[in-house]
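Everything on this sheet refers to the single structure shown next.
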Amino acid sequence: MNVHSLEAPHPRALDDPRALDGVLKRRVFAVIIDYMIVGLLVAAAAILVFIFGIITLGVGWLLYGILVPTVAIAYIWTTLGGPHQATLGMRTMDIHLERFDGRRIDGLTAVVHSVLFWAFNVVLTPLILLATLFLDYKRTLHDLLLGTVVTRGSI
């Protein structure tokens, strides 16, 4: 566990009470938008895999087994781990992910954040969102474990 996750958040993250206003609702809509974007990217990649499968006499079609997680991880790595520290859905909803220690979110942290989100969702279903009612700064369990917080972007 990150030592910094138990300390006060980076001052920029919560210096304004509006930083957390409506974050939970925005996170939900951001996930829905990101699902649609990843779905479109998977559809495009599936066409390429189909063509590759024809060229390789069917061997390339084995890539279908890893297509969805590969596309999703690449999407998370490049968006959430990128300069905006937000997926396209998060940017649309004007939120972004911050670390408590003030450092930038890197690609690996972004992917781990998303994998923990999915793991907790499998175990706890949508009840994972209830944690935001009890944890400080409206964080989820995976935010708590990684020492991150989601805040509004335009405050």
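The values are calculated or read from the model by the stated rules, or taken from the named source; none is laboratory data. What you see is a predicted model, and the numbers here were worked out from it, not measured in a lab. Ideal geometry is used to build each Cβ from the backbone, glycine not excepted, and the neighbour counts take in all protein chains shown.
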- [ ] Name the one entry in Val123, Val68, Val111 that is over 17 Å from Arg27 (Cβ atoms), buried (at least 17 other Cβ atoms within 10 Å of the Cβ) and not polar (S, T, N, Q).
- [x] Val111
- [ ] Confirm whether Ile73 is touching a residue at least 12 places away in the same chain (Cβ under 8 Å), in contact with a Leu (Cβ under 8 Å, 6 or more places away or on another chain) and either under 30 Å from Leu130 (Cβ atoms) or surrounded by fewer than 16 Cβ atoms within 10 Å (Cβ to Cβ) (or both).
- [x] no
Task: Segments classed as helices (runs of 4 or more DSSP H), wholly inside segment 82-141, with at least 3 members that are within 23 Å of Leu41 (Cα to Cα) - done: 88-92, 107-124
- [ ] Looking only at segment 101-139, count how many residues are more than 22 Å from Thr78 (Cα to Cα) and in contact (Cβ under 8 Å) with a residue 24 or more places away in the chain.
- [x] 4
Task: Complete set of residues in segment 20-63 that are touching a residue at least 60 places away in the same chain (Cβ under 8 Å) and of a type in the set (Lys, Arg) - done: Arg26, Arg27
- [ ] Taking the residues in segment 1-38 that are at pLDDT below 50 and assigned to a helix (DSSP H, G or I) as candidates, determine which candidate is farthest from His142 (Cα to Cα).
- [x] Pro11
Open item on the list: Based on this model, can you work out whether Leu146 counts as buried (at least 18 other Cβ atoms within 10 Å of the Cβ), modelled with pLDDT of 90 or more and either more than 14 Å from Ala19 (Cβ to Cβ) or of a type in the set (Gly, Ala, Ser) (or both)?
Closed with: yes
